[in-house]
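K.L.:
This structure is in structure tokens; I'll ask about it shortly.
The values are calculated or read from the model by the stated rules, or taken from the named source; none is laboratory data. The structure presented is a predicted model; accordingly, all values stated were derived computationally and were not measured. So basically every Cβ, Gly included, is an ideal-geometry build from the backbone, and we count neighbours across all protein chains shown. Please note that ligands, DNA and RNA were not included when accessible areas were found on the heavy atoms of the full protein model with its side chains. Shrake-Rupley method; radii C 1.70, N 1.55, O 1.52, S 1.80 Å.
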Amino acid sequence: MAKSPKKLTGKTRTPRTQRSVVLEEVSLSEKISQYEKQMYDLRQLLEISRSLCTTLELPTLIESILYTTMAQMHVLGAGIFIQETIDSTFYVLGNYYNGLDVDPAIEYKLPVTGRLVDILSNSGHAYTMGELKELAPKSKDVAFLDSLKPTLVIPLILKNRLNGILVLGERIKIDGSSSEYTEYEKDEIYNISSLAAIAVNNASLVEQSSTDMMTHLKLKYYFFNVLTDKLDSAYAQNQPLSVLMFDVDFFKKFNDNYGHACGDYVLQTVAEIIKTSIRSQDMASRYGGEEFTVMLVNTNKKEALRVAERIRKNVDSKDFFYEGQHLHITISGGASVFSTDTNPVTSAKVLVDQADQALYISKRNGRNRITYAEPAMLAAMGLPLMQEQSLPDDH
């Protein structure tokens with residue numbers, strides 16, 4: 001007798017149940033991909049946080065923020081409006097941009113009061129220009145901001161205060177993706193901007209506490225701290241590092257004849273000439289009184305003397321006009337250069353002292369000139385290379 005076939009204990013999958021299983025598998029795969037992306041973005045956010053919070057030089061920090069946001073959001077340009085001082089009435093773009101189409105004849109600034117700032121200060125997310133135009137259709141600030149053609153505007157908020165405004169430029173389409181920002185991407189860039197707000201606030205505090213309020217140059221102690229770091233780097237990389245020192249000739253005469261307000265005007269104007277005559281990677285400081293120092297990164301003797309001479313000539317040719325009086329101002333200068341071959345000093349103070357001694361020689365030789373700190377020349381003049389010199393008060 002033939003045996004009857006055994007019954008199948010498992011359920012047979014119909015086409016409908018098979019489709020459901022496939023859909024569940026696809027859905028699970030998408031969720032896994034989403035979680036993996038979120039984990040990756042969180043790791044990226046942590047790395048960005050570490051990078052930004054360890055940078056206290058404001059120009060370097062801004063540059064880092066711009067490159068980070070451009071890379072994360074796949075845009076061709078970005079810029080940040082910040083307040084230059086704590087009591088500034090404008091958020092200013094200045095030189096804090098990369099890849100944006102700016103008109104050099106226009107000063108890009110936004111008032112700290114107005115509809116645009118109100119919107120950004122009270123929000124917790126990023127805006128497209130279309131959204132801002134809908135919220136403030138008559139705002140001149142929104143119209144002005146639109147001239148930069150930003151694709152996204154992000155507030156930098158810290159403790160309910162608007163620390164700055166980040167704008168992103170044209171977006172790159174990758175693998176046929178849309179140029180529109182998803183809500184996830186808006187949240188991501190807002191998180192980055194929150195970290196940037198903390199970093200900008202910290203750097204701004206350092207900037208303000210290390211800056212001379214009258215000349216807006218760095219203070220002496222900060223100059224020495226940075227110079228020490230740059231000197232270590234120059235030694236490690238076998239690069240030259242130059243220091244210039246300047247002194248306003250007969251400065252006491254201007255104070256005595258025209259008053260201290262005139263002296264302040266002279267110092268502020270000389271400081272501005274020095275600041276606009278050097279590169280962004282260099283640094284100028286008010287060393288004390290009417291003395292100024294300049295650090296020139298990766299700059300040899302020839303280039304250092306060229307910069308020093310340019311500053312001297314710019315001051316000499318400037319028409320200092322104060323309360324109806326035309327004043328002729330000159331400065332004297334000294335230059336020293338670190339070199340692993342010819343001047344391998346290891347102390348920032350020694351390098352500054354060398355420039356100071358060269359300045360002293362410029363004063364002794366008639367003023368309104370630049371002198372290089374040649375060791376042989378300093379010795380011939382009876383000036384020990386490591387010793388500071390002083391001059392009478394009326395120099």
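K.L.:
For the chain, modelled as a Gaussian network with Cα springs under 10 Å, which listed residue fluctuates most, Gly79, Gly288, Gly334?
P.N.:
Top of the fluctuation ranking is Gly288.
K.L.:
Using a 1.4 Å probe and ignoring any ligands, DNA or RNA, find the accessible area of Ser347 and quote it in Å² to the nearest 10.
P.N.:
Approximately 40 Å² for this residue.
K.L.:
Which far-off residues, 5 or more places away or on another chain, put their amide H under 5 Å from the one on Leu152, with H placed in the peptide plane?
P.N.:
Here the answer is Leu168, since their amide H atoms fall under 5 Å of that of Leu152.
K.L.:
Also, quick follow-up: Given bins 10 angstrom wide, list per bin the percent of all Cα-Cα distances in the range 79-211, short to long.
P.N.:
Over the range 79-211, the share of Cα pairs per 10 Å bin runs 12, 43, 35, 9, 1 percent.
K.L.:
I want to verify a result. In a Gaussian network model of the chain, Cα cutoff 10 Å, which of these has the top mean-square fluctuation: Glu36, Glu185, Glu170?
P.N.:
Comparing Glu36, Glu185, Glu170 in the GNM, the peak value goes to Glu36.
K.L.:
With +1 on each Lys and Arg Cβ and -1 on each Asp and Glu Cβ, and nothing else charged, work out how big the dipole of the chain is about its Cα centre, in Debye to the nearest 20. All intermediate terms of the calculation are to be shown ahead of the outcome.
P.N.:
Details: 42 positive and 49 negative charges, 381 e Å.
About 1840 debye.
K.L.:
In addition: 5 Å is the cut-off here: which amide hydrogens, built 1.01 Å from N in the peptide plane, fall below it relative to Tyr108, excluding neighbours closer than 5 in sequence?
P.N.:
Those qualifying (amide H under 5 Å, at least 5 residues apart or on another chain) are Leu93, Gly94.
K.L.:
When the chain is modelled as a GNM with alpha-carbon springs shorter than 10 Å, which of Glu303, Glu30, Glu272 fluctuates the most?
P.N.:
Glu30
K.L.:
Can you give the accessible area per residue of the chain, in Å², using a 1.4 Å probe?
P.N.:
Per residue, the chain has an accessible area of 55 Å².
K.L.:
Under a point-charge model restricted to the Cβ atoms of Lys and Arg (+1) and Asp and Glu (-1), what is the dipole moment magnitude of the range 190-264 relative to its Cα centre, in debye to the nearest 20?
P.N.:
That gives the range 190-264 a dipole magnitude of about 60 debye.
K.L.:
Counting only DSSP beta bridges with both residues in the chain, tell me the antiparallel percent, nearest 5.
P.N.:
Once the DSSP bridges in the chain are tallied, antiparallel ones form about 90 percent.
K.L.:
Per-residue accessible area for Asp101 at 1.4 Å probe radius, Å² rounded to 10?
P.N.:
130 Å²
K.L.:
Aspartates and glutamates within cross-link reach of Lys318: Cα-Cα under 13 Å, excluding same-chain residues under 8 positions apart?
P.N.:
In chain and number order, the partners are Glu272.
K.L.:
Also, quick follow-up: If one computes the Cα centroid of the range 294-342 and of the range 153-206, what distance in Å separates the two points?
P.N.:
Value for the Cα centre distance between the two parts: 40 Å.
K.L.:
Need one number: nm distance between label points at Asn257 and Leu28, each 7 Å from Cα along Cα→Cβ, rounded to one decimal.
P.N.:
Here the answer is 9.1 nm between the modelled labels.
K.L.:
Please work out the Cα center distance from the range 218-285 to the range 115-143, rounded to the nearest Å.
P.N.:
Centre-to-centre (Cα) distance: 41 Å.
K.L.:
With every protein chain left in place and a probe of 1.4 Å, what is the accessible surface of Val337, to the nearest 10 Å²?
P.N.:
Probe radius 1.4 Å; accessible area of Val337 about 10 Å².
K.L.:
Ignoring ligands, DNA and RNA, what percent of the accessible area of the chain is carbon or sulfur (1.4 Å)?
P.N.:
The value for the chain is 52 percent carbon and sulfur by accessible area.
K.L.:
With viscosity set to 1.567 mPa s at 4 °C, what whole-number translational diffusion coefficient in µm²/s follows for the chain from Stokes-Einstein and a Kirkwood radius over Cα pairs?
P.N.:
Approximately 51 µm²/s, per Stokes-Einstein.
K.L.:
Here's another thing I want to ask about it. Name the residue farthest towards the positive end of the dipole of the range 133-217 from the options Val206, Leu145, Gly169, assuming +1 on Cβ of Lys and Arg, -1 on Cβ of Asp and Glu, about the Cα centre.
P.N.:
It is Leu145, whose Cα lies furthest towards the positive end.
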